[in-house]
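The values are calculated or read from the model by the stated rules, or taken from the named source; none is laboratory data. Here the structure is a predicted model, which means the values were calculated and not measured. Glycine also receives a Cβ, built like all others from the backbone with ideal geometry; neighbour counts cover every protein chain displayed.
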Amino acid sequence: MRWPFIRNLPREFHIDFVRLAPFAAVLSALLVVGSGVSFFTQGLNLGIDFRGGTQMEVQTPGKTAPVGALRAALPAMGAHDAQVQGIGAADSAMVRFRTEGADPTAATAKVKDGLQARFPGLLVKSVSVIGAKVSGELAWSGAQALGAALLLMLLYIWFRFQLQFGLGAVVAVFHDILLTLGLLSVTQIEFSMASIAALLTVIGYSMNEKVITFDRLRENLRKYKSTPLRDVINKSENERLSRTIITGSTAILALAGAFFLGGPLFPLVSTMVFGIFIGTYSSVYVALPIILLWGVKRNDDPAVPLKPAKVRP
């Protein structure tokens, strides 16, 4: 049994996407500027992966983990910017905090002893200490991963299509990354290595949308050689819009549970959900307008049928 929503989607829409491009350009410019202002004024809420600190998994067997009491007790033990979050079973919690001083291991041991003295029966299941040097290396590795992903995708699009297609795709993906970082800055959602993974996922989804968009556009450019580029772009987008709606809604449904229920995966999932929306938008209103302004090569000669070989008598 198919969903009525999917069954009732038309196979082809009739929307003048190009006519709305100037308004979308203004909207994108405002969002990018707003993201930049937020990024440079209040920055990102860096997690311990990038600032250095301690992550500790604790358990209170037989009773619910006192998340509020743990959060209130940590500052007095020398734990700064403490975060406590329930995970998995009701008796387990994840404690994250930043320690000051030259010896983070000793400061972590002090917090651990203080928690076990304050909460009898509390078990510390695992402890991870990340120093400032390691956090700096993680930040640099994350930036390298993002840069390498963009470069490889530019080369792939250039090789498969044309240079202007590749530049349009990379500009659109940069647009997606800036707006996603702006969202994380405005909402102050914790930025950790999981956020780097989410950004790479956003890049992958966004680039996949661009490839599908460009593939349909190239197919129609070969089919309608004398049709103005503006009309070919509109036709291509209208033809693939139903597919985009189905794919995007399916991806969001898969993430909806973790998004609405929150928990440790919320920073990762919220970034991915936003990336799905913004990646779809930028395929239409960032990548394609660049191609429209630059133009495309349309000098492909029609295929010439082979002549049958002459058979000698």
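Remarks
- The set of residues in segment 147-204 being in a helix (DSSP H, G or I) and charged (D, E, K, R) consists of Arg160, Asp176.
- Test result for Val67, farther than 30 Å from Met207 by Cα, surrounded by 13 or more Cβ atoms within 10 Å (Cβ to Cβ) and at pLDDT 80 or above: yes
- For segment 111-130, a residue qualifies if it is part of a strand (DSSP E or B) and surrounded by 15 or more Cβ atoms within 10 Å (Cβ to Cβ), and the qualifying residues are Val124, Val127, Val129, Ile130.
Condition check ((1) modelled with pLDDT of 85 or more; (2) surrounded by fewer than 18 Cβ atoms within 10 Å (Cβ to Cβ)) across all residues:
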{"residue": "Tyr224", "(1), (2)": "no, yes"}
{"residue": "Ile246", "(1), (2)": "no, yes"}
{"residue": "Pro264", "(1), (2)": "no, yes"}
{"residue": "Pro267", "(1), (2)": "no, no"}
{"residue": "Thr271", "(1), (2)": "yes, no"}
{"residue": "Asn299", "(1), (2)": "no, yes"}
{"residue": "Pro313", "(1), (2)": "no, yes"}
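- Among the residues examined, Gly101 qualifies as at pLDDT below 80 and either assigned by TED's automatic domain parsing to the domain that holds Val173 or part of a loop (DSSP other than H, G, I, E, B) (or both).
- Breaking point among (1) farther than 25 Å from Arg51 by Cα; (2) surrounded by fewer than 19 Cβ atoms within 10 Å (Cβ to Cβ); (3) modelled with pLDDT of 85 or more, for His175: (2)
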